[in-house]
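The values are calculated or read from the model by the stated rules, or taken from the named source; none is laboratory data. This one's a predicted model, so the numbers in the text were calculated from it and none came from an experiment. Quick reminder, even Gly has a Cβ in these numbers, built from the backbone with ideal geometry, and neighbours come from all protein chains shown.
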Amino acid sequence: MRLLSVVLSGGAGSRLWPASRQAFPKPFMKIGGSTLLQQAIERGQACGTGDLMIVTNKDHQFLTKDVLKQMADPPDTTLLLEPKGRNTGPAIALAALQCAKQFGGDTVMLVLSADHLVPDVEAFVASASQAFRLALQGNVVVFGISPTSPDTGFGYIEVEHASRESQRAKRFVEKPDLQTAQEYLATGRYYWNSGMFCFTADTIISALERHAPEVISSARRALDSSKAADHAIQFDLHAFGLQPDISIDYAVMEQADNVHVVPAKFSWSDVGSWPSVAKAHTPDASGNTMPADSVAIDTTGTHVQIDSHGPKTVAALGVHDLVIVDTPDALLVAHKSHAQDVKRVVDTLKERNHETVHLPAVVHRPWGTYASLKEEDGYKVKRITVKPGEALSLQYHHQRAEHWVVVRGTAMVQVGDTEYKTLPGEYRYIPLKEKHRLTNIGEDELVLVEVQCGAYLGEDDIVRLADTYGRV
């Protein structure tokens, strides 16, 4: 039996703003010391899956590769790089077709979400083993979560009767209102739909052909027009965009008669809001979850999360059940009872075309990162890091000059047609409209401080002449 992990790594995670942004979404958030994406990958590995397929946005390719590089034992991985979001139906259809082509149609696919939290991996493996057996019998398997509250944020699965054993699903229902959710909970015959599945590639392809032929046919066309290089598959934007925007639940689960539910024997969270993030941390005696150097006086049930360019002390005085999330460019203060409404904040910022919706305070690029430390009229100060062996594009700017000071590592700085080896404490000046390039020629991370001076300091004032990453 060949097992393949398929990790769906998408979504904006807007309810976790400002830590989660469009360019740095929830799968890349760290909880418990590692990213949610890494935890999903390791969960599959614990189940014995030898290979990995990740479906993610093409803009997150290098973030994903960074996560894999940081793992002690990364699996052989194929990336399916979506040019735009198209929901779980097309994502799973593309993964199944690629799986059948690459490994064979009898391969068992364990489909996981990159933004779930499952602390008890051993219990997950036990449930997955049950799912594998059912999948080999030609079933479509979904992991069901026993509901602990009448939550309106999840879809539900109805079964014939409450049981700890797997059984056929009677029906799938969408996110209910509160009264309906309470009725579901009272019957004991409903599970939360976890969004985790198991089936062979042939089984799900057949189910799609029967119940959603337009999904599988458009996925075939998208895959036929794709290009593969360096273990990554890039899709043509037009062909990809012709796929229906539909969930796998609508496409298959609500219609198929061979869907089985495996009751989860593990604790689970979709980490869909800040209170759920707080629950993943160990509270103090007052129910607070906050950094050790924070100060809490007459404060209970409050979650504090800090992401700062430098040391920062947070003091909470006389507050209760709050969420306080501080990043270098945005601050969220919310009552836990309004945590689901954080999306409304994001929607408001989108209407204002606010940059904090899209870019995080530390912006990740294929070569490293940059962070704006200070900006006023006429100048901007940045901290730039470059990975060993990587280089920024050869470029110039129409409206700004730049001053570079290396503070750690060894740089090769090209200014015009001349290259200068630059060590910590040394300085280089890049005049307006002069071509330049920065390369890390050392074995350690390169760190420098950049001061931009000019009338316009926007990120779009870049003219690329050559680029390792194909961005010219």
Flag for Leu332 being modelled with pLDDT of 95 or more, closer than 17 Å to Pro291 by Cα and either under 21 Å from the mean Cα position of the chain (by Cα) or of a type in the set (S, T, N, Q) (or both) | yes
Test result for Thr356, surrounded by 18 or more Cβ atoms within 10 Å (Cβ to Cβ) and not acidic (Asp, Glu) | no
Matching residues, segment 123-152, being in a loop (DSSP other than H, G, I, E, B), out of contact with any strand residue (DSSP E or B) (no Cβ under 6 Å at 6 or more places or on another chain) and under 20 Å from Val111 (Cβ atoms) = Gln137, Gly138
For segment 133-172, name all the residues that are out of contact with any helix residue (DSSP H, G or I) (no Cβ under 7 Å at 6 or more places or on another chain), of a type in the set (Val, Ile, Thr) and surrounded by fewer than 16 Cβ atoms within 10 Å (Cβ to Cβ).
-> Thr148
Matching residues in segment 231-246 - criterion: being in contact with a strand residue (DSSP E or B) (Cβ under 9 Å, 6 or more places away or on another chain) and not hydrophobic (A, V, I, L, M, F, W, C) = His231, Gln234, Asp236
Which residue, of Asp293, Asp326, Asp341, is assigned to a loop (DSSP other than H, G, I, E, B), of a type in the set (Asp, Glu) and either at pLDDT 95 or above or over 30 Å from Ser217 (Cα atoms) (or both)?
-> Asp293
Can you confirm whether segment 83-105 contains a residue that is on the phi < 0 side of the Ramachandran plot, part of a strand (DSSP E or B) and either surrounded by 16 or more Cβ atoms within 10 Å (Cβ to Cβ) or hydrophobic (A, V, I, L, M, F, W, C) (or both)?
-> no
Filtered residue count, segment 177-222, keeping only those that are out of contact with any strand residue (DSSP E or B) (no Cβ under 6 Å at 6 or more places or on another chain) and not in a helix (DSSP H, G or I) = 3
